[in-house]
Amino acid sequence: MIVPVPTPVEDTEGNLRRSDVDEWGRSERVRNVIRTAYEPIYSKWFRVEWKNFERIPVEGGGLLVANHAGAVPSDAPVIMHGIESRLGRPVYGMADYFFRSVPFIGTMWSRSGGVAARPENAERLLRDQGQLALVFPEGTKGPSKAFADRYHLRRFGRGGFIEIAMRTGTPIIPMAVVGSEEAMPILFRLPAMAKILGTPYFPVTLNLLTMGPLGIVLPFPVKMRISVLEPVTFDVEPGLERYPRSLVLEESERIRELIQEEVFEMLKARRSIWKG
Amino acid sequence: MGKRVLVTGADTFWGGRVIQALEDDPDIEVILGLGEHDPSVPFDRAEFVRADQTYSILHRLVQATKVDTIIHTFLVSDSTLAKSRALHEINVIGTMNLLAAASAAGSNVTNLVVKSSTKVYGANERDPYWFSEDTRRSTPAKTMVERSLIEAEALIADFAIDRPQTAVSVMRFANVLSGGLATPITQNLSRPLCPILIGFDPLLQFVSAEDVVRTLEHATRLQLRGVYNVAGDGRLPWSEIIAIVGSRPLPLPSLHHRILMRPLAAAGIYEMPTELADLLRFGRGVDCAKILATGFTFRRSSVAAVQAFGEHLRLDRSTGSEPLTYRYEHDVEQFFRHSPAVVHRD
């Protein structure tokens, strides 16, 4: 098959659809295949452990906010896999629109729950549909940072995620992830190469040097821990056109610090990169 | 006194359909159809007036007939129908002349309804998945069809400001699927092999021709003001659309599509309009909350529109295309309208 498409469903009565691709491009069938394939990586390779998992809402909208690291970040699939398998509800991973323009990868990304990070998209997901959306406010600055800067969270954009949460009246659920930095450490970057390929960044990773081409996709078997922090709600009226910039930036910085502190706490308790 | 309605593009698919629908409305006293060529469908009571594409006679017509409502269906959103220059003439200059006539002294126009297209939003990887009426497009328009529609809409927006006594509504329609309507999308879907761009499977949104006509009527009846998106509920992948209508995917290059396809285009074998190539990579969705809030309900969702189109294609394959049975004869039409011998129903 040229384009990865879920196989048509048997036409049931009144059901016109031939695939289960939703309006965001996500297919539960594709997610199911991915979850089955990813389960060993999740539980055997990364041995993911959650702290305070019960803070993730079982229903209703929630904006999951986490730190983002590793050349090809493992945090996104791990968080999505963990929540989807335990709660049985979809998680939409918001990422740079760059993916949409890449053939095959863009389609696969979309079918597996990837959504372009635009405020309009997040607002529709959260307010109109009460879904879980996962955002990494560091954007590509997180995964593209050098190994020397590991676990130092980058700037949280311009606080767009705060405005989205305020406007939709959705709680923010901050999450701190440890392990993704060492899963695929960046040794150095080749900006010239990124320019030629049109990618946001072009990393040379330790995985690439030690494992060759396999290192492009294969992370090291580090122990991954995710800590869910207390959900944050804002005492503002939802649905406004705009919110004071100073308030937005202040709240954005507060959440960044919450995650940063929790990351440091988790690193203090970590005895080994491999065993946690 | 009933409404007096002028419909542009009476010789086109859309103008014809709209006029036929208005003819059933007893509140409408006079219907004038304006077109360059002979109408392709028979009209019951509407009067057909021949005019060139830029409406040079429109000024006189508006003055003489005292129309109060103009339904402007003749904005071309299909770039295969006219060359770039002609598109500009029809969409921009035509609209400009129409607005000039509608705002001249002595004009009675209190309602203007325009049929535009969601093509004004473009299709780009930076787009939100759902455009609302006030979302700006992500990148400047590249193609003449998009540029001319945007320019026409800007003229209309100015008109609405300058003439507050006229209720102006612009309806932006998603791609239409309907039997008998030839657009690049319906033509591609009608083939046994339908092009897809390798590695892309965008989510598309459709509206049925019936809902297009119903929205234009709705906007006229309620004298809506402002811009409205009009599209069936939901979006579905191009591959699924191809499967539903019973075609098969034909993979075409997606990267450097235009350059790689140039030999085929030059040989006149196959050419995909730029705006369709964009659409088949990124898709487009529009949010219709605004039109729904005015009390409009769609008869068909996107999926239902695709399904109905698939049924039409299957029927066509079995029976052959329906031949056109109607030919416009001026004398005959005049006879039916004005001869005392004809018994008019009440």
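Structure notes:
- Leading residue by the ranking (farthest from the other protein chains (Cβ to nearest Cβ)) among those in the range A:116-127 that are touching an Asp or Glu at 6+ places or on another chain (Cβ under 9 Å) and hydrophobic (A, V, I, L, M, F, W, C): A:ALA117
- Which listed residue, of A:ARG118, A:ARG124, is without any contact (Cβ under 8 Å) to a residue 24 or more places away in the chain, basic (Lys, Arg) and closer than 28 Å to A:LEU197 by Cβ: A:ARG118
- Of the criteria (1) surrounded by fewer than 15 Cβ atoms within 10 Å (Cβ to Cβ); (2) at pLDDT 95 or above, which one A:PRO171 fails: (1)
- Some residue of the range A:128-143 being buried (at least 22 other Cβ atoms within 10 Å of the Cβ), within 14 Å of another protein chain (Cβ to nearest Cβ), farther than 20 Å from A:ALA76 by Cα and without any contact (Cβ under 8 Å) to a residue 24 or more places away in the chain: no
- For the criterion of being farther than 30 Å from A:MET108 by Cβ, away from chain A (no Cβ under 14 Å) and assigned to a strand (DSSP E or B), B:VAL176 passes.
- Among the residues making up the range A:207-234, those that are aliphatic (A, V, I, L, M) and touching a residue at least 24 places away in the same chain (Cβ under 8 Å) are A:ILE216, A:VAL217, A:VAL222, A:MET224, A:ILE226, A:VAL228, A:LEU229, A:VAL232.
- Identification of helices (runs of 4 or more DSSP H) wholly contained in the range A:186-275 with 2 or more residues that are in contact with a strand residue (DSSP E or B) (Cβ under 8 Å, 6 or more places away or on another chain) yields A:206-211, A:245-269.
- Search result, residues across the range A:34-60 that are part of a loop (DSSP other than H, G, I, E, B) and more than 21 Å from A:ARG254 (Cα to Cα): A:PHE46, A:ARG47, A:VAL48, A:PRO57, A:VAL58, A:GLU59, A:GLY60
- Of all residues making up the range B:237-267, the number that are more than 7 Å from chain A (Cβ to nearest Cβ), assigned to a helix (DSSP H, G or I) and either touching a Pro at 6+ places or on another chain (Cβ under 7 Å) or surrounded by 17 or more Cβ atoms within 10 Å (Cβ to Cβ) (or both): 7
- Test: residue in the range A:96-115 that is acidic (Asp, Glu) and farther than 24 Å from B:PHE282 by Cα: no
- For first residues located in the range A:23-36 and away from chain B (no Cβ under 14 Å), partners that are assigned to a loop (DSSP other than H, G, I, E, B) and buried (at least 20 other Cβ atoms within 10 Å of the Cβ) and lie 6+ apart or on another chain with Cβ distances below 7 Å form the pairs A:ARG31/A:SER112; A:ARG31/A:GLY113; A:ILE34/A:SER112.
- Residue in the range B:212-233 that is within 11 Å of chain A (Cβ to nearest Cβ) and either aliphatic (A, V, I, L, M) or not in a strand (DSSP E or B) (or both) present: yes
- Qualifying residue in the range B:110-119 (condition: out of contact with any strand residue (DSSP E or B) (no Cβ under 6 Å at 6 or more places or on another chain), polar (S, T, N, Q) and within 20 Å of B:THR215 (Cβ to Cβ)): yes
- If you filter the range A:106-115 down to residues that are more than 15 Å from A:GLY139 (Cα to Cα), in contact (Cβ under 8 Å) with a residue 24 or more places away in the chain and not basic (Lys, Arg), you find that the one that is nearest to the other protein chains (Cβ to nearest Cβ) is A:THR107.
- The range A:74-105 - residue that is assigned to a helix (DSSP H, G or I) and within 14 Å of chain B (Cβ to nearest Cβ) and, of those, nearest to B:PRO253 (Cα to Cα): A:SER101
- In the range B:58-69, the residue that is modelled with the highest pLDDT out of those that are among the β-branched types (Val, Ile, Thr) and within 13 Å of B:ALA104 (Cα to Cα) is B:VAL67.
For every residue, the table says whether it meets (1) over 23 Å from B:GLN223 (Cβ atoms); (2) in contact with a Pro (Cβ under 6 Å, 6 or more places away or on another chain); (3) in contact (Cβ under 8 Å) with a residue 12 or more places away in the chain; (4) surrounded by fewer than 22 Cβ atoms within 10 Å (Cβ to Cβ).
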| site | (1), (2), (3), (4) |
| --- | --- |
| B:GLN20 | no, no, yes, yes |
| B:VAL30 | no, no, yes, yes |
| B:THR65 | no, no, yes, yes |
| B:ILE71 | no, no, yes, no |
| B:LEU75 | no, no, yes, no |
| B:LEU87 | yes, no, yes, no |
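- Residue in the range B:190-202 that is free of Cβ contacts under 8 Å to residues at least 60 places away in the same chain, of a type in the set (Asp, Glu) and within 14 Å of chain A (Cβ to nearest Cβ) present: yes
- Residues of the range A:144-168 that are closer than 21 Å to A:LEU187 by Cα and either crowded, with 17+ Cβ neighbours inside 10 Å or within 15 Å of the chain's Cα centre (by Cα) (or both): A:SER144, A:LYS145, A:PHE147, A:TYR151, A:LEU153, A:ARG154.
- Some residue of the range B:285-298 being touching a helix residue (DSSP H, G or I) at 6+ places or on another chain (Cβ under 7 Å), among the polar types (S, T, N, Q), within 14 Å of chain A (Cβ to nearest Cβ) and touching a residue at least 40 places away in the same chain (Cβ under 8 Å): no
- The residue that is modelled with the lowest pLDDT, counting only those in the range A:190-202 that are over 27 Å from A:GLU257 (Cβ atoms), surrounded by 13 or more Cβ atoms within 10 Å (Cβ to Cβ) and not aliphatic (A, V, I, L, M), is A:THR199.
- The residues on offer are A:LEU214, A:LEU247, A:LEU240, and the sole one that is modelled with pLDDT of 90 or more, surrounded by 14 or more Cβ atoms within 10 Å (Cβ to Cβ) and in contact with a helix residue (DSSP H, G or I) (Cβ under 9 Å, 6 or more places away or on another chain) is A:LEU247.
The values are calculated or read from the model by the stated rules, or taken from the named source; none is laboratory data. Here the structure is a predicted model, which is why all the values come from computation and not from measurement. Glycine also receives a Cβ, built like all others from the backbone with ideal geometry; neighbour counts cover every protein chain displayed.
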